[in-house]
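A.B. asks: Just dropping this structure here.
The values are calculated or read from the model by the stated rules, or taken from the named source; none is laboratory data. Model, not experiment: these values are computed from the prediction. Using ideal geometry, Cβ is built from the backbone for each residue, glycine included, and neighbour counts are taken over all protein chains shown.
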Amino acid sequence: MSLSREQMAEIVARDIPDGAYVNLGIGQPTLVADYLRPGSGVVLHTENGMLGMGPPATGDEVDPDLTNAGKQPVTERPGAAYFHHADSFAMMRGGHLDVCVMGAFQVSAAGDLANWSTGAPDAIPAVGGAMDLAIGARQVFVMMSLFARDGSSKLVPECTYPLTGRACVSRVYTDVATFAIEPGGVRIVETFGISDEELINKTGIPLVPSPFA
Amino acid sequence: MTASIMSAADAVAAVRDGDTVLVGGFGMAGMPVDLIDALIEYGATGLTIVSNNAGNGDTGLAALLAAGRVRKVVCSFPRQADSWVFDRLYRDGRIELELVPQGNLAERMRAAGAGIGAFFSPTGVGTPLAEGKESRVIDGREYVLEYPIRGDVALIRAHVADRTGNLVYRKTARNFGPVMATAATVTIAQVSRIVEPGELDPEAVVTPAIYVDRLVLP
């Protein structure tokens with residue numbers, strides 16, 4: 001009974017504090033917006049220069065001058081603000097952004113993040129704002145399937161892919177378990193149809209079982 | 001000196017072969033399409049283009065690349081679903097790429113415009129994009145030394161200008177425009193409308209006219 005992407009998004013949304021300033025990465029993390037409680041006061045940041053981003057634009061709302069980081073048309077919420085790119089990244093780097101949610105190829109036991117390149121020699125590299133977000137946001141949440149197509153774990157003792165940022169991830173939300181990366185090690189917060197033993201075997205990490213399991 | 005109002009063709013004649021040209025926009029939002037089209041027509045070559053992306057589809061920046069005018073691209077996110085022009089040139093080894101994290105890209109241009117010699121950024125530490133760069137530990141945290149990116153010419157898009165060159169932008173089309181405007185010897189802004197001095201609220205001006213040299217209407 002592993003989780004769907006929507007269920008994972010719901011769990012991530014639950015862990016975002018009321019009133020937080022949050023950046024949701026391109027792709028899967030965008031789904032988190034659908035599960036933020038109305039009245040939570042969470043303000044969404046988009047790296048291309050906006051706080052107070054609203055839901056995707058449809059029909060007459062579509063405005064080519066108003067897009068998100070994935071270049072999709074979006075809307076603005078009351079109280080929104082626009083700013084230029086240097087300000088937008090100063091917000092990240094300066095530690096003003098409470099949470100960012102990103103996808104990943106790999107996360108290490110130390111919280112290292114690899115999500116921009118698989119290192120394949122013929123790949124065209126592209127990094128966007130991932131490195132700035134990784135080191136800038138006060139908390140970095142990763143949302144990903146735990147296992148790659150070949151069955152290998154994406155939560156690993158050491159990343160083998162090129163890093164996006166060092167020791168920056170605090171939580172990893174996967175389809176089979178949620179993990180907290182803490183000074184004492186990686187703790188299993190919650191599991192969904194998988195045993196702690198299997199998680200330890202497959203990740204190769206001495207995971208700390210949750211006291212609440 | 002206040003900004004001059006010109007045709008796109010006359011305005012882009014500021015670009016010389018081998019120049020570094022800063023090009024605003026994030027995808028199509030804020031992309032100065034008329035100025036890029038005029039630059040293609042004008043024919044300057046051997047250019048270094050600094051922009052967030054490396055062209056989409058077959059128009060705008062992609063068309064400039066396809067025309068063989070660009071030697072090097074400095075950007076954060078070249079690979080897109082529709083970046084086939086850049087992809088082909090890169091794989092054929094016909095274009096150089098300097099990949100820069102988006103925040104460092106913005107800050108390096110900000111530094112150029114603000115007269116900063118270089119700065120230490122925490123972005124990229126421990127990654128391949130910091131390899132070979134000078135680093136320093138400050139208050140227990142590691143930083144990488146990043147140098148300014150200065151343009152010979154900036155091509156940006158704003159919403160409304162007044163005749164002196166003060167600019168306001170529209171929504172997320174603002175993106176790199178205000179930073180690029182400060183970082184080039186000659187800044188050319190494509191705008192939708194030009195009004196008389198006094199018609200823009202001075203409190204609302206985003207780019208003061210001191211940074212703007214040429215204005216172009218569609």
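Conditions tested, residue by residue: (1) surrounded by fewer than 22 Cβ atoms within 10 Å (Cβ to Cβ); (2) away from chain A (no Cβ under 12 Å); (3) touching a strand residue (DSSP E or B) at 6+ places or on another chain (Cβ under 6 Å).
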{"residue": "B:ALA67", "(1), (2), (3)": "yes, yes, no"}
{"residue": "B:VAL73", "(1), (2), (3)": "no, no, yes"}
{"residue": "B:SER76", "(1), (2), (3)": "no, no, no"}
{"residue": "B:ARG79", "(1), (2), (3)": "yes, no, no"}
{"residue": "B:TRP84", "(1), (2), (3)": "yes, no, no"}
{"residue": "B:ARG91", "(1), (2), (3)": "yes, no, no"}
{"residue": "B:GLU96", "(1), (2), (3)": "yes, yes, yes"}
{"residue": "B:ASN104", "(1), (2), (3)": "no, no, yes"}
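A.B. asks: Does B:GLY103 satisfy being at positive phi and not hydroxyl-bearing (Ser, Thr, Tyr)? First the steps, then the outcome.
C.D. replies: Values: at positive phi: no; not hydroxyl-bearing (Ser, Thr, Tyr): yes.
No: the conditions fail for B:GLY103.
A.B. asks: Can you work out which of the residues in segment B:21-58 that are away from chain A (no Cβ under 14 Å) and of a type in the set (Val, Ile, Thr) is surrounded by the most Cβ atoms within 10 Å (Cβ to Cβ)? Give the steps one after another, and end with the answer.
C.D. replies: Step one: list which residues in segment B:21-58 are away from chain A (no Cβ under 14 Å), which gives B:21, B:34-49, B:58.
Now drop any that are not of a type in the set (Val, Ile, Thr), which leaves B:21, B:36, B:40, B:45, B:48-49.
Details: B:VAL21: 29, B:ILE36: 26, B:ILE40: 19, B:THR45: 15, B:THR48: 19, B:ILE49: 26.
Among residues in segment B:21-58 that are away from chain A (no Cβ under 14 Å) and of a type in the set (Val, Ile, Thr), the one surrounded by the most Cβ atoms within 10 Å (Cβ to Cβ) is B:VAL21.
A.B. asks: Check A:VAL43 against each of (1) of a type in the set (A, V, I, L, M); (2) more than 14 Å from every other protein chain (Cβ to nearest Cβ); (3) surrounded by 23 or more Cβ atoms within 10 Å (Cβ to Cβ) and name the one condition it does not meet.
C.D. replies: For A:VAL43, the failing item is (3).
A.B. asks: Right, something else. Could you list, ordered by first residue, the pairs with Cβ atoms under 9 Å in which the first is in segment A:112-130 and under 17 Å from B:PRO122 (Cβ atoms) and more than 8 Å from chain B (Cβ to nearest Cβ) and the second is among the charged types (D, E, K, R) and surrounded by fewer than 24 Cβ atoms within 10 Å (Cβ to Cβ), at least 6 apart or interchain?
C.D. replies: Short answer, once both residue conditions are applied: A:LEU113/A:ARG166.
Here's the yes/no breakdown for (1) in contact with a helix residue (DSSP H, G or I) (Cβ under 7 Å, 6 or more places away or on another chain); (2) in contact (Cβ under 8 Å) with a residue 60 or more places away in the chain:
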site	(1), (2)
A:ALA180	no, no
A:GLY193	no, yes
A:GLU198	no, no
A:LEU207	yes, no
A:PRO211	no, no
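A.B. asks: Which of the residues belonging to segment A:145-163 are within 19 Å of A:VAL12 (Cβ to Cβ) and more than 13 Å from the chain's Cα centre (by Cα)? Steps first, please.
C.D. replies: Residues of segment A:145-163 that are within 19 Å of A:VAL12 (Cβ to Cβ), as a first pass: A:145-147, A:154-155.
Scanning segment A:145-163 gives A:LEU146, A:PHE147, A:LYS154, A:LEU155.
A.B. asks: Being within 11 Å of chain A (Cβ to nearest Cβ) and hydroxyl-bearing (Ser, Thr, Tyr) is the filter; apply it to segment B:146-178 and report the residue that is surrounded by the most Cβ atoms within 10 Å (Cβ to Cβ).
C.D. replies: B:THR172
A.B. asks: Related question: When segment A:102-133 is examined, which residues are found to be out of contact with any helix residue (DSSP H, G or I) (no Cβ under 9 Å at 6 or more places or on another chain) and under 17 Å from A:LEU24 (Cβ atoms)?
C.D. replies: A:ALA104, the sole residue that qualifies.
A.B. asks: Of all residues being among the hydrophobic types (A, V, I, L, M, F, W, C) and surrounded by fewer than 20 Cβ atoms within 10 Å (Cβ to Cβ) in segment B:126-145, which is farthest from the other protein chains (Cβ to nearest Cβ)? Just the residue, please.
C.D. replies: First, pick out the residues of segment B:126-145 that are among the hydrophobic types (A, V, I, L, M, F, W, C): B:129-130, B:137-138, B:144-145.
Of the ones still in play, those that are also surrounded by fewer than 20 Cβ atoms within 10 Å (Cβ to Cβ) are B:137-138, B:145.
On the way: B:VAL137: 13, B:ILE138: 14, B:LEU145: 15 Å.
By that ranking, first place goes to B:LEU145.
A.B. asks: Working only within segment B:170-180, note down all residues that are without any contact (Cβ under 8 Å) to a residue 60 or more places away in the chain and under 15 Å from B:ALA114 (Cα atoms).
C.D. replies: B:PRO178 - this is the single residue of segment B:170-180 that is without any contact (Cβ under 8 Å) to a residue 60 or more places away in the chain and under 15 Å from B:ALA114 (Cα atoms).
A.B. asks: Kindly indicate whether A:PRO29 is at pLDDT 95 or above, part of a helix (DSSP H, G or I) and either in contact with a Ser or Thr (Cβ under 7 Å, 6 or more places away or on another chain) or not hydrophobic (A, V, I, L, M, F, W, C) (or both).
C.D. replies: Values: at pLDDT 95 or above: yes; part of a helix (DSSP H, G or I): yes; either in contact with a Ser or Thr (Cβ under 7 Å, 6 or more places away or on another chain) or not hydrophobic (A, V, I, L, M, F, W, C) (or both): yes.
Answer is yes for this residue.
A.B. asks: Sticking with this structure for a sec: Pairs, please: C-beta under 7 Å, at least 6 apart or cross-chain, first residue within 16 Å of B:GLU41 (Cα to Cα) and free of Cβ contacts under 8 Å to residues at least 60 places away in the same chain and in segment B:11-31, second of a type outside the set (Phe, Trp, Tyr) and surrounded by fewer than 23 Cβ atoms within 10 Å (Cβ to Cβ)?
C.D. replies: So the pair list comes out as B:ASP17/B:ALA44; B:ASP17/B:THR45; B:ASP17/B:GLY46.
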